[in-house]
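Participant: Take a look at this one; I'll ask things after.
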Amino acid sequence: MDILAEGISDDAKYRTYIRNITMNKGLLQSTAKDGEKQSVYETYYNYEEPVKKAAGHRILALNRGEDEKILTVKVAAPTEQIVLKAVIQDSYSRLIAPSVDREIRSELTDKAQEGAIRVFGKNLEQLLMQPPIAGKVVLGWDPAFRTGCKLAVVDSTGKVLDTVVIFPTAPQNK
């Protein structure tokens, strides 16, 4: 039975089927660890939602709660649609389910982090595109010896007027 379970676990067709059905019909679940009292993760002490509808910010919050050892998080697959025989049951519960759980959680985390980075980037771009000092023309200076000093002139509206690299010091050949 172990040999068959390993073979099933290594078969790409089974893994793809199980991964797809878990992604589409599985549930993301979390519970509080024993003895947990009030915390910022209280919303997730007895939480469940479909995997395919899980929002990035909730995934990141669940991951933080798990990292801080406050929550237990898992992906509950629709096992009644996956398990057909005892060998498949063994392969699924012992080998495939933990692996698919990790794969899905990793993919969800990657997507959530990419989304968070995009939002941060948009917010940062709005801040950076504001005039540095309202109503004033500004010269910015980024000093560097080896690669040269970078200068930029920004007008009172935040528009970049000119940029240049200068080398105000003699080259150092040590």
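Participant: Using only protein heavy atoms and a 1.4 Å probe, report how much of residue 167 is accessible, in Å² to the nearest 10.
Facilitator: 130 Å²
Participant: Could I ask something else about it? Considering only protein heavy atoms, what is the solvent-accessible area of residue 69 at a probe of 1.4 Å, reported in Å² to the nearest 10?
Facilitator: Counting only protein heavy atoms, the figure is 140 Å².
Participant: At 1.4 Å probe size, with every protein chain present, just tell me what the per residue accessible area of the chain comes to in Å². Kindly include the intermediate steps, with their values, before the conclusion.
Facilitator: On the way: 12010 Å² over 174 residues.
Result: 69 Å² of accessible area for each residue.
Participant: Continuing with the same structure: Ignoring solvent entirely, what values of log10 I(q)/I(0) come out of the Debye formula for segment 20-111 at 0.13, 0.14, 0.17, 0.23 Å⁻¹ when each Cα is a single scatterer?
Facilitator: The Debye formula, applied to the Cα set alone, gives -0.46, -0.52, -0.73, -1.13.
Participant: Which ³J(HN,Hα) values in Hz, rounded to whole numbers, follow from the phi angles of segment 134-144 under the Karplus curve 6.51 cos²θ - 1.76 cosθ + 1.60, where θ = phi - 60° and Gly and Pro get x?
Facilitator: With coefficients 6.51, -1.76 and 1.60, one gets 4, x, 10, 7, 10, 9, x, 10, 10, x, 6 Hz.
Participant: Taking the Cβ-Cβ separation of residue 152 and residue 117 as r and a Förster radius of 45 Å, what is the calculated FRET efficiency to the nearest 0.05?
Facilitator: 0.95
Participant: For segment 13-84, run through the GluC sites (Glu not before Pro) and keep only the ones in DSSP coil with at most 13 other Cβ atoms within 10 Å of their Cβ. Could you put the intermediate results ahead of the total?
Facilitator: Numbers: sites: 36, 42, 48, 66, 68, 80; in loops: 36, 68.
Counting only loop positions with at most 13 other Cβ atoms within 10 Å, the GluC sites (Glu not before Pro) in segment 13-84 are 68.
Participant: Could I ask something else about it? Show 142, 10, 155 ordered by accessible area, largest first, where the area counts protein heavy atoms only and the probe is 1.4 Å.
Facilitator: Of 142, 10, 155, the descending order of accessible area is 10, 142, 155.
Participant: Something else about it: Rounded to the nearest 20 debye, what is the charge dipole size of segment 67-174 about its Cα centre when +1 sits on each Lys and Arg Cβ and -1 on each Asp and Glu Cβ?
Facilitator: 280 debye
Participant: Please report the relative contact order for the chain, taking Cα pairs under 8 Å with a sequence separation of at least 6, and give it as a percent rounded to a whole number.
Facilitator: Relative contact order for the chain comes out at 19 percent.
Participant: Mind grabbing the accessible area of residue 156 for me, 1.4 Å probe, Å², rounded to tens?
Facilitator: Per-residue accessible area (residue 156): approximately 50 Å².
Participant: Counting only protein heavy atoms and a 1.4 Å probe, tell me what percentage of the chain's accessible area is made up of carbon and sulfur. Don't skip to the answer; put the middle values down first.
Facilitator: Values: 6760 of 12010 Å².
Heavy-atom surface of the chain belonging to carbon and sulfur, 1.4 Å probe: 56 percent.
Participant: Ranked from the most accessible area to the least, with a 1.4 Å probe and all protein chains present, what is the order of 92, 47?
Facilitator: 47, 92
Participant: Now for a separate question. As a quick test, which of the pairs 25/69; 25/85; 52/159 have an alpha carbon distance above 31 angstrom in this structure?
Facilitator: In this structure, 52/159 exceed 31 Å between Cα atoms.
Participant: Over the Cα atoms of the chain, compute the convex hull volume and normalise it per residue, giving Å³.
Facilitator: Details: hull volume 45.4 nm³, N = 174.
Each residue corresponds to 261 Å³ of Cα convex hull volume.
The values are calculated or read from the model by the stated rules, or taken from the named source; none is laboratory data. A quick note: this is a predicted structure, and the numbers were derived from the prediction, not measured. Don't worry about glycine lacking a Cβ; one is built from the backbone with ideal geometry, like all the others, and counts go over all protein chains shown. Side chains included, ligands, DNA and RNA excluded: accessible areas come from the protein's heavy atoms. Shrake-Rupley method; radii C 1.70, N 1.55, O 1.52, S 1.80 Å.
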